[in-house]
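Undergrad: Quick one: the structure is below, questions incoming.
Readers should treat all values here as calculations from the given coordinates under stated rules, not as data from a laboratory. Here the structure is a predicted model, which is why all the values come from computation and not from measurement. Don't worry about glycine lacking a Cβ; one is built from the backbone with ideal geometry, like all the others, and counts go over all protein chains shown.
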C-alpha cells in the first residue's frame, strides 16, 4: 500500500481524533478504516455504520470529530448526518467528507460549502484518500484570509453585532473568486434585520456563482415563502428536493407552495418524502392531510376522478382514517355523484368508530344513493326516533320520503325533526308545501 508522509504535528493531531465511517459497503469501510489507522488514528477510535440509523446513534453517543459518509444511505442523505455533526463541533475543528460512486452527486456535495470539507468519487486509491484528509487538515490549521474573515463575521453575527458582521462579510467578498459563503452570511444579516428583499438579493448573488449552493438556496426559499412569493419559491423546490435532504419543516413549506401555485401533480412526490420521515410532527400531519384533500378536490372538479381518488387515499392515510376527514372526502364524492367511491371511503371508517352515531350518519349519507329507497326510509325513521341524526340526514330522509310519495310519513317526520331542530321548521315545511302543490 502507498505510504504517505505525514508531519509529526498532523500525526499528533490525528492520534486524538475519533472517526465515524458511514458506509454501506463493508469493503470500502474496511479500506478507509485501515488507511486511517495507518495515518495514526487509534483503531478503537474508529466507528463504522452501514446504515443511517446506526450512524446517527454513533454521532449522538460518541460525537466523533471526523465524519466520512456516503452521499446516500438508503433513502436518507449523508448530508443529514453532516447537519448533526455540525451541532457537535465548530467548523474549525470538525472534518466532514462525502464519498460516492455517483459523479452527479459531486456538484451537490461541493455546493454544501462549509458543511462538506471534501468530496471523493469512488473508486479512489488509499493515497488519494490520505492526501485529501491531509489537505483538509492543513486548511483547518492554516485557514485562508477568506476563511478567517468569514469566521470573524460569524462571531459578530452570532453576537448580534450586525453592522460589524456586514462589514466583515463585505470584505470577505473581495478575498475569494467565488465568495458564496460571504453572500450567504450577508443575506443572513438581512434576515436578522427582517429585511427580506435585501436577503434575497444577497442569496441571489451567491447562487449566480454557485447555482446549487445549499445555504443560499435554502435561505432564498425561506425568504420567498415568508414574503408569500410562492411561484418564485416553487421554482427552487425541485432543485432542493433532488439534491439535498429535506427537513419536516421544509417539506411542509413544499406542500404549501405546491397548493398555492396549483402544482398538485407534484404532491405525490412530496407524499413519498413524507413517508420516509422518522419523525412526523402533528402540525406537519395536519398540513399534509389538508394539502392532499385540496388536491383531491381540485382533481374532482377537473373531472379527473382517478387522480382525485388517489389523493383522497393518500390524505386519509396521513390523517389515520380520522372520521371527520373521511366525511370531507365522502361529501366531495357525493357532490360528484361518485357514490361507489364514496362507499369505499365509508368502509375505511376505523373499527373503533363503526357503530357510533357519527359513523351511522355518515353511512346513511352514502347508502341513501346506493340502497333501495324502502330500506333507507326504514333506516332513516329509526334514526329519527332514536334521535341519532343530523340536520343533513333529516333533509335527505324527508326528501327521499317525498320522492317516494309518502306525504303522510313525511309530515310526521317533519314534526319530529322540528322538535329537535327548530331552525329547520321553515325550510322543511316549505319543502312539504312545494311537494303538495306539485302533486296537486
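Undergrad: Hey, could you grab the Kirkwood Rh for the range 1-106? Inverse mean 1/r over distinct alpha carbon pairs, Å, one decimal.
TA: 14.1
Undergrad: With runs of 4+ DSSP H residues as the only contributors, calculate the mean residue ellipticity of the chain at 222 nm using -39,500 (n - 2.57) per run, divided by the residue total and rounded to the nearest 500.
TA: Roughly -21000 deg cm²/dmol at 222 nm, from the helical runs in the chain.
Undergrad: Give me the angle, in degrees from 0 to 90, between the Cα long axis of helix 357-370 and the longest principal axis of the Cα atoms of the chain, rounded to the nearest 10.
TA: The angle comes out near 70 degrees.
Undergrad: Separate question: Rank 262, 296, 206 by mean-square fluctuation in a GNM of the chain with C-alpha springs under 10 angstrom and give only the top-ranked residue.
TA: Greatest mean-square fluctuation among the candidates belongs to 262.
Undergrad: Write down, largest first, the equivalent ellipsoid semi-axes of the range 204-354 in whole Å, where each equals the square root of 5 times an eigenvalue of the alpha-carbon gyration tensor.
TA: On the way: eigenvalues 220, 53, 24 Å².
Whole-Å semi-axes of the equivalent ellipsoid: 33, 16, 11.
Undergrad: Contact order normalised by length for the chain, with contacts defined as Cα pairs under 8 Å and 6 or more residues apart; what percent is it?
TA: In percent, rounded to a whole number, it is 7.
Undergrad: Let me ask another. Using the alpha carbon gyration tensor of the range 381-437, what are the three equivalent-ellipsoid semi-axes (square root of 5 times each eigenvalue), largest first, in whole Å?
TA: Listed largest to smallest, the semi-axes of the range 381-437 are 17, 13, 9 Å.
Undergrad: Hey, another quick one. Quick check on the chain: what are the equivalent-ellipsoid semi-axes from the Cα gyration tensor, as sqrt(5λ), descending, whole Å? Don't jump to the answer; show the numbers that get you there.
TA: On the way: eigenvalues 801, 126, 55 Å².
Semi-axes from the Cα gyration tensor: 63, 25, 17 Å.
Undergrad: Going by the alpha-carbon gyration tensor, a ≥ b ≥ c the square roots of its eigenvalues, is the range 321-370 rounded (a/c under 1.5) or, if a/c is not under 1.5, prolate (a/b greater than b/c) versus oblate?
TA: Note, shape of the range 321-370 comes out prolate.
Undergrad: Where both partners of a DSSP beta bridge lie in the range 48-182, what percent of those bridges are antiparallel, to the nearest 5?
TA: 20
Undergrad: Moving on to the next point. Counting other C-beta atoms within 10 Å, which of 82, 329, 218 has the fewest, and how do the rest follow? Don't skip to the answer; put the middle values down first.
TA: Details: 82 23, 329 28, 218 17.
Ranking 82, 329, 218 by Cβ neighbours within 10 Å, fewest first, gives 218, 82, 329.
Undergrad: Follow-up. What is the helix-to-structure angle for 407-420, meaning the angle in degrees between its Cα long axis and the longest Cα principal axis of the chain, kept from 0 to 90 and rounded to the nearest 10?
TA: 50
Undergrad: Still on this model: Translational diffusion coefficient of the range 246-310 at 10 °C, 1.306 mPa s, Stokes-Einstein with Kirkwood Rh over Cα pairs, in µm²/s as a whole number.
TA: So the translational diffusion coefficient is about 134 µm²/s.
Undergrad: Using Cβ counts within 10 Å as a stand-in for footprinting exposure, how do 73, 196 rank, fewest first?
TA: By the 10 Å Cβ count, ascending, the order reads 196, 73.
Undergrad: Then there's this: Based only on Cα atoms, what Rg/Rh ratio does the range 197-244 have, Rh being taken as Kirkwood's radius?
TA: That ratio equals 0.93.
Undergrad: Tell me, what is the percent relative contact order of the range 344-440, built from C-alpha pairs under 8 Å that lie six or more residues apart?
TA: 21
Undergrad: Given R₀ = 51 Å, FRET efficiency for residue 37-residue 161 by Cβ-Cβ distance, to 0.05?
TA: 0.70
Undergrad: Could you tell me what fraction of 2.2 N^0.38 Å the Cα radius of gyration of the range 143-237 comes to, as a two-decimal ratio?
TA: That works out to 1.04 for the range 143-237.
Undergrad: If neighbour count is taken as other Cβ atoms inside 10 Å, put 426, 63 in order from fewest to most.
TA: 426, 63
Undergrad: Just want to confirm a number: the relative contact order over the range 231-285, from Cα pairs under 8 angstrom separated by 6+ residues, in percent.
TA: After rounding, I find 40 percent.
Undergrad: With the convex hull built on the Cα atoms of the range 47-206, state its orientation-averaged projected area in nm².
TA: That works out to 10.4 nm².
Undergrad: May I pose another question? Taking Cα atoms, how many degrees apart are the long axis of helix 145-158 and the longest axis of the chain, rounded to 10 and kept between 0 and 90?
TA: So the helix axis and the longest Cα principal axis differ by about 40 degrees.
Undergrad: If you take every DSSP beta bridge fully contained in the chain, what fraction is antiparallel? Give it as a percent rounded to 5. Could the numbers behind the result be given before it?
TA: Numbers: 2 of 19 bridges.
Approximately 10 percent, going by the DSSP bridge assignments.
Undergrad: Quick one: Cα centre-to-centre distance for the range 228-245 and the range 356-370, in angstrom?
TA: Taking the Cα centre of each part, the range 228-245 and the range 356-370 sit 42 Å apart.
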